[in-house]
Amino acid sequence: MRDTFDAIVIGAGVLGAGTTLELARRGRRVLCLDKLPAAGYGSTGNSCAIVRTHYSTLDGTALAWESTLRWKSWGAYLGAEDERGLARLIEAGLVVIRTRDHTYERHLGFHETLAIPFETWSAEELGERVPFFDTTAYAPPRLPGDERFGEPADHALLGAVYFPRAGYVNDPQLAAHNLQRGAESAGAAFRFNTAVTGILRETARPVGSGPASRSERVSGVTLGDGTTVRAPVVVNAAGPHSFVINRMAGIEGEMALTTRALRREVHYLPFPTGAHPEGYARVATDDDVGVYCREEAGGMMLVGSLDPACDAPEWVDDPDVFDREVTPERWRAQVYRAALRIPDLAIPSRPKGVADLYDVTEDWIPIYDRSGLDGFYLAVGTSGNQFKNAPMVGELMAELIAACEAGHDHDRDPVRIRGPATGAVLDLGFYSRNRAVNPDSSGTVLG
């Protein structure tokens, strides 16, 4: 295998594999590296893989809708066979509970602008459409140990919004493997069980939009076995390890926003008793009690946190060392809150679920950008709300890299791409490493 490539992508999760695919389609010799044994074996494999469009910004909504339409035609987008079969978008529909503090009016305006279908329901209609839901308001979300836990609020729910085209991808790890096979069919190479231990620089004439005084650019990576692989372009798509890679590159201090690894838990429960499998609320988000849920294979459902104030974040300093066991405290917090909305929920005697890491920025909006080191690019801060955007993120990154490597000053004049399905302009400046914290972001997993 060649030790010189046109580009190296660090990380073979769904976004790294997607970026590898799009770079290879543009004629670049690409090598994707991952320290784990296969594509999608990290945080991608434990993603709930919910595909939705209700973002708190127009840019986020447009990107999600473009990606949803690609998930709908996944096989055609890949253009390659996979011996394991193809991941599928399950259009289960998604119910979003509306509360006094979370009305979603702005979100619905974005959906009207982009012609994304939705329905608004009153609280009474919510009870009729989803009869296993209790329509009592409980906000704000509380922990089970709080003496006011389960006490009705002094106001009523506003109702809900139903998004019929939303759903989830049935196998997130398989989706990453599909992207690997697509990238390989376009000429890309993958190496697994291969850790990156250093980012190489070389003295060179400035390229792209780097400051005129800069005389270095990336030139490749050092691997755990001491060997090097050379390339003039390196993309950090390392998920929860992204901040580690940025420190290797020496660029973290030059960014207005950074990334951190956040430990998260998702819990498994039997799907509500008596709920029709084709009925509404197979996927739901509920700010009133602070959880989201979706159906899972085998008559099960997943329950995760929407990051209410009562759920303290659990930051991890070393992404290689963290507790992978479900904790009774977080299990009770999430499952018991879900049971407020679903009184017939069967709660097992033993916690069951998964614990993994998210890669998040200060405002939970990702960074898709160049860096202050010429040739070093960022697809980071993506966990929790970007899996669904994988079909488009690879294209965004490939177009960004092509423009910058051709000399375009992206920092001053952000690259813009017109969405192929909607015609919406996707402004990559929105995802800049140098932006201020976005006040319109939810500041949670919703992005």
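The values are calculated or read from the model by the stated rules, or taken from the named source; none is laboratory data. Quick caveat, the model's predicted, so the values are computed rather than measured. Glycine also receives a Cβ, built like all others from the backbone with ideal geometry; neighbour counts cover every protein chain displayed. Surface accessibility is based on the protein's heavy atoms, side chains included, excluding ligands, DNA and RNA. Shrake-Rupley method; radii C 1.70, N 1.55, O 1.52, S 1.80 Å.
Could you state how much accessible area Ile90 has, in square angstrom rounded to the nearest 10, with a 1.4 Å probe and all protein chains kept in place?
Counting only protein heavy atoms, Ile90 exposes about 30 Å² to solvent.
Could I get the Rg over Rh figure for the chain? Both from C-alpha atoms, Rh via Kirkwood, rounded to two places.
0.97
Output the relative contact order of the range 291-447, whole-number percent, from Cα pairs under 8 angstrom with separation of 6+ residues.
21
How much of the accessible area of the chain, probe 1.4 Å, is carbon plus sulfur, in whole percent?
48
Given a 1.4 Å probe, how much area per residue of the chain is accessible, in Å²?
39
Tell me the Kirkwood hydrodynamic radius of the range 1-139 in angstroms, computed as one over the mean inverse distance between distinct C-alpha pairs.
Value: 18.4 Å, from the Cα pair sum.
With an 8 Å cut-off on Cα pairs and a minimum separation of 6 or more residues, tell me the relative contact order of the chain in percent.
Taking the mean separation of contacting Cα pairs over the length of the chain, I get 23 percent.
Using the Cα atoms of the range 263-398 to build a convex hull, what is its mean projected area in square nanometres?
Approximately 10.5 nm², given one-decimal rounding.
Using the per-residue mean of other Cβ atoms lying within 10 Å as a proxy for protection, in what order, highest first, do the peptides 312-321, 299-308, 248-257 fall?
Averaged packing, sorted descending, gives the order 299-308, 248-257, 312-321.
Hey, if you put +1 on the Cβ of every Lys and Arg and -1 on every Asp and Glu Cβ in the range 25-137, which of Leu126, Tyr55, His102 ends up farthest toward the positive end of that dipole?
Tyr55
Expected output is a single nm value to one decimal: the length gained when fully extending between Asp318 and Arg29, i.e. 0.36 nm times separation in residues minus the C-alpha distance. What is it?
100.8 nm
Arranged from highest to lowest average of other beta-carbon atoms within 10 Å per residue, in what order do the peptides 230-236, 434-440 appear?
Ranked by mean Cβ neighbours within 10 Å, highest first: 230-236, 434-440.
Which order do the peptides 285-292, 160-167 take when ranked by the mean count of other beta-carbon atoms within 10 Å per residue, highest first?
By packing density, highest mean first, the sequence is 285-292, 160-167.
What Kirkwood hydrodynamic radius do you get for the range 333-419 when you take the inverse of the mean 1/r over all pairs of distinct Cα atoms, in Å?
Hydrodynamic radius (Kirkwood, Cα pairs) of the range 333-419 is 16.3 Å.
Under the classification rounded if a/c is under 1.5, otherwise prolate if a/b is larger than b/c and oblate if not, where does the range 287-340 fall, given a ≥ b ≥ c as square roots of the Cα gyration tensor eigenvalues?
The shape class here is oblate.
Kirkwood Rh, Cα Rg: Rg to Rh for the range 394-447?
Rounded to two decimals, Rg/Rh equals 1.01.
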